[in-house]
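Input: a single structure, listed below in structure tokens.
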Amino acid sequence: MTWLVWRQHRNQAYIAAAALALFAVVMLITGRQMASQYHSALISCAATHTCSDLATTLNLGSPVLFLLINLTLLVPCLLGVFWGGPLVARELETGTAQFAWTQSISRSRWLAIKVGWAMLAAAAWGGAVSALVTWWSSPVNALQHQNFRAGQFDVQGIVPVSYALFAVALGIAAGAVLRRTVPALATTIGVFVALRVVIASYVRPHYMTAVTKTYRLAFAHPMPSIPGSYWQVSRGIVGPGGQAASSAAHSGVGVSINGTLVTLPPACNSLLSQDPPKIFSCLAAHGYRAFITYQPANRYWAFQGIEAGIFALLAAALVAVSVIVVLRRDA
Amino acid sequence: MMASSDPAVIQTRALSKRYRTVAALTDCTITVPEGRISALIGPNGAGKTTLLRLLAGLARPTGGDIAVLGTAPRPDPAFLAGIGFLAQEIPLYRRMSAADHIRIGAHLNARWDGTSVRQRLEGLGIPLGQAVGTLSGGQRAQLALALTLAKRPRLLLLDEPVAALDPLARRQFLAHLAEAAAGGGLTVLLSSHLLSDLERICDHLVLLAGSRVQLCGDVDALLAEHQILVGPRKDTTAIERDHTLVHAVRTPRQTTLLIRRNGPVIDPAFETADVSLEELVLGYMGQHADGPSPAHLSAIGGDQ
């Protein structure tokens, strides 16, 4: 059966291997250049004590390379479309399932081996791409501290493996249920993109309760230093006693400070025309404080693990659906 | 039901299959003894494909019982090793060669005779290395039959295997099949909507029409049980009472009756004649196509 799976999909495997090899060459060459560029920049900035500005002065990579990195977001979806979708659907559509299912092999074994290899290949391929991107990005991560940002979190670490497993399982299940290749592919793309967007935007920020730090309002609005690649969830100003800064407690003038609408206490009103910078100290004196809510940098792998777990569970559920549908339904 | 001592390879009782609101097969009771080449005849949509798929375990019945080779069809290696199934559209992997298919068979079957397929294809001049999608319909059908036979099945289920073939390919295909069956130990059930396709090789008949079995039995026995009566236009109530009327053609000058005999016919007004297989099949199909009268309905009920 393994031989049949290989014979059916070897062309796809060759194409995928060639694409991966090409991608690896680009990543390895440019990654090495970028790493040495970063290290020499570190040495020269240490000499001039300007390393704190390095994030703004040093330009790593090129727009084309970052586009390529962003394109790896599509890898799981492509695997779902080219490997997952047709796996069962094409056999049902062309009738070859009837050929396979009347050889001396049980349907469950046929499905298990097909699904097993497809998932294994997806995990290996998704993992290889992710490993290359993660390694390539290490100077960028060290420089920019934006590991949590969408477009970086989603293409590095272990989550791409889980996305690939999910996408392939989704393709297989859609094919088993719909029994036709093209609708299965369309469903795979639609559901995958929708679910990824929903989870990344609405679920991911809540995997763990965010940490809130409040600090004194001042004109230059300096932030307390937070180490590493933390993930800022929100930032703003709170009124006295934690109430909203725009609360109607004062029927004063509303001003927007760093994106937060603040209703000025009457005492601070006059400063608006006389000496605007002093509004900060006036607000601080009236109990207003600045805050930042964030996920600390050391939660990065916990977040990767939680997200990878969610998609792996969804993948397992979809495989179960495929098994039930293939075994229960008539050929 | 049949005067045969051979053990039954196929036995169904009140078998039914419904697809949502459509009855594909209704109350189907048939027996096919070992060693027969049985023709499954019926118009398009009669339920032939459904019956074959139920027998192969590709579909599950919604009612009744099936025993194939002594067990209920199920998708496990022990059952599947005993049957060979060939679907109507001859599904093979179009981009793979015949040699690839022979290897697939070797991987998926514990009992596999790849040499026989090679020999058969070489004998027919069918290229082994060429993608199956580029072969002609006749070549594909021959390949599929050879692959099905390479499992050394005890029961071969073939769904309209010759429908898409030209007369020469049809002849070769049936010759191949007859040769395989002559080896012994093989029972064949093959369907067609045309009796003439299968008449030469089959010795058993299952006739389906309108999702129901109209006739099932050994060809010789069926022919012996039926008779054609030709006589003047007159009242046939007496004959209908003693025998089972299958089909009647009445013109102003004469009456032609196809009956299932219950004993000798003693009406000097009628001439008796032996019935041919084609007349028998057309009689039962025509009966169904005309829309059965109440008398005919009871006749069908009596049959089955």
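The values are calculated or read from the model by the stated rules, or taken from the named source; none is laboratory data. Since the model is a prediction, treat every value here as computed from it, not as a measurement. Positions of Cβ are generated from backbone atoms using ideal geometry, with glycine treated the same way; all protein chains shown enter the neighbour counts.
Miscellaneous remarks
- Candidate set from the range B:194-238 (those that are surrounded by fewer than 21 Cβ atoms within 10 Å (Cβ to Cβ) and touching a Phe, Trp or Tyr at 6+ places or on another chain (Cβ under 8 Å)); member that is modelled with the highest pLDDT: B:230
- For first residues located in the range B:42-61 and in contact (Cβ under 8 Å) with a residue 60 or more places away in the chain, partners that are in a helix (DSSP H, G or I) and among the hydroxyl-bearing types (Ser, Thr, Tyr) and lie 6+ apart or on another chain with Cβ distances below 9 Å do not occur.
- The lone exception for residue B:63 - which of (1) farther than 18 Å from residue B:215 by Cα; (2) within 11 Å of chain A (Cβ to nearest Cβ) it fails: (2)
- Residue among B:137, B:57, B:133 that is buried (at least 20 other Cβ atoms within 10 Å of the Cβ) and under 17 Å from residue A:95 (Cβ atoms): B:57
- Residue in the range A:213-232 that is farther than 30 Å from residue A:53 by Cβ and touching a Phe, Trp or Tyr at 6+ places or on another chain (Cβ under 7 Å) present: no
- When residues of the range B:237-278 are limited to those that are assigned to a helix (DSSP H, G or I) and of a type outside the set (A, V, I, L, M), the one nearest to the chain's Cα centre (by Cα): B:278
- Residue pairs whose Cβ atoms lie under 7 Å apart, sitting 6 or more positions apart in sequence or on different chains, and linking a residue in the range A:93-111 that is more than 7 Å from chain B (Cβ to nearest Cβ) to a partner that is basic (Lys, Arg), are A:93/A:179; A:93/A:180.
- Flag for residue B:165 being crowded, with 16+ Cβ neighbours inside 10 Å, under 30 Å from residue B:219 (Cβ atoms) and within 12 Å of chain A (Cβ to nearest Cβ): no
- Among the candidates A:316, A:267, the residue that is under 30 Å from residue A:102 (Cα atoms), out of contact with any strand residue (DSSP E or B) (no Cβ under 9 Å at 6 or more places or on another chain) and of a type in the set (A, V, I, L, M, F, W, C) is uniquely A:316.
- Residue list for the range B:26-56, restricted to those being within 24 Å of residue A:329 (Cβ to Cβ) and assigned to a loop (DSSP other than H, G, I, E, B): B:45, B:46, B:47
- The range B:45-60, residues that are facing chain A (nearest Cβ under 7 Å) and more than 23 Å from residue B:207 (Cβ to Cβ): B:60
- For the range A:166-279, the helices (runs of 4 or more DSSP H) that sit wholly inside it and include 2 or more residues that are not assigned by TED's automatic domain parsing to the domain that holds residue A:126 are A:266-269, A:271-274.
- Selection within the range B:98-115: residues that are surrounded by 20 or more Cβ atoms within 10 Å (Cβ to Cβ) and more than 9 Å from chain A (Cβ to nearest Cβ). The member of this set that is farthest from residue B:128 (Cα to Cα) is B:102.
- Answer from B:128, B:86, B:124 - the residue that is crowded, with 17+ Cβ neighbours inside 10 Å and either in contact with a helix residue (DSSP H, G or I) (Cβ under 8 Å, 6 or more places away or on another chain) or closer than 22 Å to residue B:191 by Cβ (or both): B:86
- All positions within the range B:71-82 that are under 26 Å from residue B:23 (Cα atoms) and either within 7 Å of chain A (Cβ to nearest Cβ) or exposed (fewer than 15 other Cβ atoms within 10 Å of the Cβ) (or both): B:71, B:72, B:74, B:75
- Residue in the range A:31-38 that is over 30 Å from residue A:87 (Cα atoms) and of a type in the set (Phe, Trp, Tyr) present: yes
- Counted residues, the range B:5-22 - those being in contact with a strand residue (DSSP E or B) (Cβ under 6 Å, 6 or more places away or on another chain) and over 19 Å from residue B:36 (Cβ atoms): 3
- Selection within the range A:204-220: residues that are more than 13 Å from residue A:300 (Cα to Cα), touching a residue at least 24 places away in the same chain (Cβ under 8 Å) and of a type in the set (A, V, I, L, M). The member of this set that is surrounded by the most Cβ atoms within 10 Å (Cβ to Cβ) is A:217.
- Residue in the range B:129-141 that is closer than 23 Å to residue B:34 by Cα, within 14 Å of chain A (Cβ to nearest Cβ), outside any strand (DSSP E or B) and within 26 Å of the chain's Cα centre (by Cα) present: no
- Top-ranked residue of the range A:1-16 - restricted to ones that are surrounded by 13 or more Cβ atoms within 10 Å (Cβ to Cβ) and more than 14 Å from chain B (Cβ to nearest Cβ), ranked as nearest to residue A:142 (Cα to Cα): A:16
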